[in-house]
1. What's the number of the condition W69 fails, among (1) closer than 23 Å to D23 by Cβ; (2) of a type outside the set (V, I, T); (3) out of contact with any Asp or Glu (no Cβ under 7 Å at 6 or more places or on another chain)?
2. Can you tell me which condition A51 does not meet? The list is (1) without any contact (Cβ under 8 Å) to a residue 24 or more places away in the chain; (2) surrounded by 15 or more Cβ atoms within 10 Å (Cβ to Cβ), and all the others hold.
3. Of all the residues that make up segment 27-62, how many are part of a helix (DSSP H, G or I) and out of contact with any helix residue (DSSP H, G or I) (no Cβ under 6 Å at 6 or more places or on another chain)?
4. Quick check on segment 88-95. Is at least one of its residues among the aliphatic types (A, V, I, L, M), farther than 16 Å from L16 by Cβ and at pLDDT below 95?
5. So which of F37, F77, F44, F95 ends up being within 13 Å of the chain's Cα centre (by Cα) and either open to solvent by 30 Å² or more (accessible area, probe 1.4 Å) or β-branched (V, I, T) (or both)?
Amino acid sequence: MLKNSQTQIQKTAQILTQGFIDDPSFAFIFGENANKFQALNAVFELLATDAMERGEIITAPSEQGVCIWYPAEVEIFNEQFEQRVAEIISTASHFCGW
């Protein structure tokens, strides 16, 4: 684990962005937008921030992968998460010019 939470959030977002940049679902959402990498990274930063606040971030050795995990007692889809989804939509819209 990284000691600084902001550093961990940024590193988590970078790892997830690299892993999902060519994923068909994100290709559908972002298309061939020139800002696709920045938009996806910003989205993952928001998700990683939520995980730091309410769950856990688990990083594989040598940063080969990362997992955002919520314990069973965490209500994932609550009002806070709905607000986070609104931020994600706004952020993606900003980068993609929707």
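1. (3)
2. (1)
3. Step one: list which residues in segment 27-62 are part of a helix (DSSP H, G or I), which gives 27-30, 36-54, 61-62.
Adding the requirement that they be out of contact with any helix residue (DSSP H, G or I) (no Cβ under 6 Å at 6 or more places or on another chain) leaves 27-29, 37, 47, 51, 53-54, 61-62.
Going through segment 27-62 one residue at a time, the tally reaches 10.
4. Yes - at least one qualifying residue is present in segment 88-95.
5. When all the criteria are applied, what remains is F37.
The values are calculated or read from the model by the stated rules, or taken from the named source; none is laboratory data. This one's a predicted model, so the numbers in the text were calculated from it and none came from an experiment. Counting neighbours? That spans all protein chains shown, and the Cβs are built from the backbone with ideal geometry, glycine included. Quick note on the areas: whole protein, heavy atoms, side chains included, nothing else; ligands and nucleic acids left out. Shrake-Rupley method; radii C 1.70, N 1.55, O 1.52, S 1.80 Å.
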